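Notes follow once the structure below has been shown.
The values are calculated or read from the model by the stated rules, or taken from the named source; none is laboratory data. Keep in mind that what you see is a predicted model, and the values were worked out from it rather than measured. Cβ: placed from backbone, ideal geometry, glycine included. Neighbour counts: every protein chain shown. All accessible areas refer to the heavy atoms of the entire protein, side chains included, with ligands and DNA or RNA removed. Shrake-Rupley method; radii C 1.70, N 1.55, O 1.52, S 1.80 Å.
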Amino acid sequence: MTPTITKVETVEFSFPVEDVGLPPEGFSLIYAPGETLHRKLFGVKIHTDVGITGEYVGGNSPAAAQINMFGQYLVGRNPLRRERIWSGLKRALRKYDRMGMGPIDIALWDFAGKYHDAPIHELLGTYRTRLPAYASTYGGDVSGGLDSPEAYADFAEDCLDRGYPGFKIHVWDMESWGDLDRDVATVHAVGERVGDEMDLMLDPACQYETFADALRVGRACDEEGFFWYEDPYRDGGISQHGHRKLSERLDTPILQTEHVRGLEPHTDFIASGATDFVRADPEYDAGITGAMKIARVAEGFGLDVEYHAPGPAQRHCMAATRNANYYEMALVHPIVENPVPPVYRGGYADRLDSIDGDGTVAVPDGPGLGVDYDWEYIDDHRTGSVHVYE
């Protein structure tokens, strides 16, 4: 029997993150004692006439809005024809950033795994089932958490003791508390403390105002032998020319493409020599289908792909990718919890203490994504009506 999509449902919800907020002038998540941040995500269910439902929870409000543009298109289609659906949606969203494709494609892969009674990584082609993880920090604060170069070095040492083989620094918000000297000092403090024992990364999240600022901090990374330098300056992470010039002047490898969308811009970035490591994200880059296309392009150019953010879809992608080094355990902090939604039943988690003694996380081995979502929690915390397409 050929399966057919009978109904698609999406629902937005929010969840609280205690003692977390935003800088006065910025957008990075930081430790903020006494504050409560409410994060918004949404869930997707793709129902079929064979009694199997493809599911995914994640995304953001712009992605949810894009699904409103094509939700009805999915009804009546064969959910196993992912490539055909992917191609159609890519054209339908050609005027937009295509963020709505990711959650739908991941849910279709979840359906496929359940249909074939196999985890997604087996359908993709398993390369490994344990993933080395790096600790990826919150942004810097002024409240007694990550509030100094020494505090970052202390936390890096704690992560090393926990078994993490890598540590990535997100720095202070430049609009609120910007201090380039402090960022340079943090690079040196962490490098001197744990640089001989961990791979170190720096991600200013496109904060440095000038190429000169990015170059200055990059040279500090050179001195400490950093593993990569990611999205340094205010171009938004999209200038091929600018990052090629930066790479030519630094020894530290550049990691770009988190903020360009789609296969072709990633390919152009690689072909122009504008990045050394390649970023991919199944949620941002048109699903597991899109992220794996990027991984294969990177492999063809002899480069490594590093998947952005934690999550079950990222774990399956990395499990099927030879040319990837680390799973990003984000965002971690010495005091507050990761801002991840409490929507998983069972043992799945992306927390600071989720690694084993070797610094790795497991790939879910159940059918599909291999996770059991808590839809009761999602429904209890929904922020609007359920959108139904049938």
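For segment 352-388, give me each residue that is among the acidic types (Asp, Glu) and either open to solvent by 70 Å² or more (accessible area, probe 1.4 Å) or within 19 Å of Gly54 (Cβ to Cβ) (or both).
Asp353, Asp358, Asp365, Asp372, Asp374, Glu376, Asp379, Asp380
Pick out the one residue from Ala330, Ala298, Ala349, Ala309 that is part of a loop (DSSP other than H, G, I, E, B) and crowded, with 19+ Cβ neighbours inside 10 Å.
From the options Ala330, Ala298, Ala349, Ala309, the qualifying one is Ala309.
Report yes if some residue within segment 276-289 is in a loop (DSSP other than H, G, I, E, B), farther than 26 Å from Tyr233 by Cα, in contact (Cβ under 8 Å) with a residue 40 or more places away in the chain and open to solvent by less than 10 Å² (accessible area, probe 1.4 Å); otherwise report no.
No, every residue in segment 276-289 fails to be in a loop (DSSP other than H, G, I, E, B), farther than 26 Å from Tyr233 by Cα, in contact (Cβ under 8 Å) with a residue 40 or more places away in the chain and open to solvent by less than 10 Å² (accessible area, probe 1.4 Å).
Answer yes or no: is there a residue in segment 34-48 that is under 17 Å from Ala286 (Cβ atoms) and of a type in the set (S, T, N, Q).
Checked against the condition, which is being under 17 Å from Ala286 (Cβ atoms) and of a type in the set (S, T, N, Q), segment 34-48 yields no hits at all.
Which of the helices (runs of 4 or more DSSP H) contained wholly in segment 172-258 include at least 2 residues that are of a type in the set (A, V, I, L, M) and crowded, with 18+ Cβ neighbours inside 10 Å?
Per the criteria, 180-194, 211-224.
Which numbered condition in (1) open to solvent by less than 10 Å² (accessible area, probe 1.4 Å); (2) touching a helix residue (DSSP H, G or I) at 6+ places or on another chain (Cβ under 7 Å); (3) within 24 Å of Ser247 (Cα to Cα) is the only one that Asp304 fails?
Evaluating Asp304 over (1) open to solvent by less than 10 Å² (accessible area, probe 1.4 Å); (2) touching a helix residue (DSSP H, G or I) at 6+ places or on another chain (Cβ under 7 Å); (3) within 24 Å of Ser247 (Cα to Cα) leaves (1) as the failure.
Give the number of residues within segment 309-332 that are in contact with a helix residue (DSSP H, G or I) (Cβ under 6 Å, 6 or more places away or on another chain), touching a residue at least 60 places away in the same chain (Cβ under 8 Å) and hydrophobic (A, V, I, L, M, F, W, C).
Counting residues in segment 309-332 that are in contact with a helix residue (DSSP H, G or I) (Cβ under 6 Å, 6 or more places away or on another chain), touching a residue at least 60 places away in the same chain (Cβ under 8 Å) and hydrophobic (A, V, I, L, M, F, W, C) gives 4.
Tell me which residues, restricted to segment 260-272, are within 17 Å of Leu93 (Cα to Cα) and either open to solvent by less than 30 Å² (accessible area, probe 1.4 Å) or of a type outside the set (A, V, I, L, M) (or both).
Result: Val260, Arg261, Gly262, Glu264, Pro265.
Yes or no, residue by residue, for (1) assigned to a helix (DSSP H, G or I); (2) open to solvent by 10 Å² or more (accessible area, probe 1.4 Å); (3) touching a Lys or Arg at 6+ places or on another chain (Cβ under 8 Å):
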site: Thr6; (1), (2), (3): no, yes, no
site: Val11; (1), (2), (3): no, yes, yes
site: Gly34; (1), (2), (3): no, yes, no
site: Phe42; (1), (2), (3): no, no, no
site: Pro62; (1), (2), (3): yes, yes, no
site: Tyr73; (1), (2), (3): yes, yes, no
site: Ile85; (1), (2), (3): yes, no, yes
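Only one of Leu146, Leu131 is touching a residue at least 60 places away in the same chain (Cβ under 8 Å), more than 26 Å from Arg315 (Cα to Cα), open to solvent by less than 10 Å² (accessible area, probe 1.4 Å) and not in a helix (DSSP H, G or I). Can you tell me which?
None of the other options fit; the residue is Leu146.
From (1) touching a Ser or Thr at 6+ places or on another chain (Cβ under 9 Å); (2) of a type in the set (Gly, Ala, Ser); (3) within 25 Å of Gly26 (Cα to Cα), pick out the condition that doesn't hold for Gly236.
(1)
What pairs can you find where one residue is in segment 19-41 and in contact (Cβ under 8 Å) with a residue 40 or more places away in the chain, the other is open to solvent by less than 60 Å² (accessible area, probe 1.4 Å) and basic (Lys, Arg), and their Cβ atoms are less than 8 Å apart, with a gap of 6+ or different chains?
So the pair list comes out empty.
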